Amino acid sequence: MVEKKKSQAEKNNQSATEEEIEKAVKGSKRDSNAADEKNSASAAASSSAVSDAEPAVDYEDKFYRAEAEMQNMQQRFNKERASILKYEGQDLAKSILPALDNLERALSVSDDDPASKKIQDGVELTYKSLSNALTDNGIVKIGRAGDQFDPNLHNAIQKTPIDDPEKQKEGTIAVVLQKGYQLHDRVLRPAMVSVYTK
């Protein structure tokens with residue numbers, strides 16, 4: 001009987017300790033759940049604060065990017081505008097050059113007849129006025145006899161052998177067959193030339 005009471009007391013102690021353990025576990029679960037809820041609430045509050053702050057940062061960033069893009073566009077526009085203004089007479093000059101060449105050819109023909117002389121004087125005046133108009137707009141002639149041959153400015157269509165090495169140097173222009181023209185730094189038409197070679 002004593003043994004029965006002892007075993008019953010031990011069972012009661014075990015069940016009591018089991019109940020205490022369960023209560024302790026449940027209590028710690030409740031405490032951890034409450035802590036989790038507090039943490040999740042504070043995390044939600046901080047995330048909502050961050051999400052409220054993020055759009056402001058995004059808008060500010062977008063504003064600066066848009067402003068930089070506008071400045072870049074303005075700079076590109078100014079460069080294009082300056083380029084257009086710099087080369088605005090290019091197409092007109094290209095269309096006038098053949099007429100100028102024809103006037104030069106007409107001037108190269110000489111005749112002693114008084115009527116032909118008057119016509120030649122009129123052609124010469126026309127040639128000079130056209131030539132001056134081109135010069136006034138920044139268009140200059142390129143390619144003269146004796147200049148060094150430059151493939152960027154000249155188009156060599158013939159070779160001329162060197163007869164006098166003291167006066168004629170290899171790689172220089174012997175004869176200009178057709179004048180070239182340049183607008184500022186842009187070649188409108190390269191000069192067609194004959195170049196001295198050995």
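The values are calculated or read from the model by the stated rules, or taken from the named source; none is laboratory data. None of the values given here were measured: they were computed from a predicted structure. Backbone-built Cβ (ideal geometry, glycine too); neighbour counts: all protein chains shown. For the accessible areas, the whole protein counts, side chains as well, though only heavy atoms, and no ligand, DNA or RNA atoms are used. Shrake-Rupley method; radii C 1.70, N 1.55, O 1.52, S 1.80 Å.
Which pairs break 31 Å Cα to Cα here: 79/128; 118/167; 86/128; 141/167; 141/169?
Working: 79/128 34 Å; 118/167 38 Å; 86/128 24 Å; 141/167 24 Å; 141/169 22 Å.
Violating the 31 Å Cα-Cα cut-off are 79/128; 118/167.
Among rounded, prolate and oblate, which fits segment 92-198 when a ≥ b ≥ c are the square roots of the eigenvalues of its C-alpha gyration tensor, a/c under 1.5 means rounded, and a/b larger than b/c means prolate? Please report the intermediate quantities before stating the final value.
Numbers: a/c = 2.89, a/b = 1.39, b/c = 2.08.
Here segment 92-198 falls in the oblate category.
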- prompt: Going by the alpha-carbon gyration tensor, a ≥ b ≥ c the square roots of its eigenvalues, is segment 79-138 rounded (a/c under 1.5) or, if a/c is not under 1.5, prolate (a/b greater than b/c) versus oblate?
  reply: prolate
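Put 163, 150 in order of accessible area, largest first, 1.4 Å probe: what do you get?
Values: 163 125, 150 50 Å².
The most accessible residue leads, giving 163, 150.
What is the gain in length, in nm to one decimal, between residue 152 and residue 71 on full extension, counting 0.36 nm per residue of separation less the C-alpha to C-alpha distance?
Working: separation 81, 0.36 × 81 = 29.16 nm, distance 3.55 nm.
Here the answer is 25.6 nm.
Report the charge-dipole magnitude of segment 84-198 in Debye, nearest 20, computed about the Cα centre from +1 at each Lys and Arg Cβ and -1 at each Asp and Glu Cβ. Could the numbers behind the result be given before it?
Values: 15 positive and 17 negative charges, 61 e Å.
Magnitude of the dipole: close to 300 debye.
Quick one: dipole size for segment 134-198, taken about the Cα centre, charges +1 on Lys/Arg Cβ and -1 on Asp/Glu Cβ, in debye to the nearest 20.
Dipole size: approximately 180 debye.
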query: Quick one: accessible area per residue over segment 52-173, 1.4 Å probe, rounded to a whole number of Å²?
result: 78 Å²
message: With a cap of 14 neighbouring Cβ atoms within 10 Å, and only residues DSSP puts in a loop, list the GluC sites (Glu not before Pro) found in segment 84-131.
response: 88
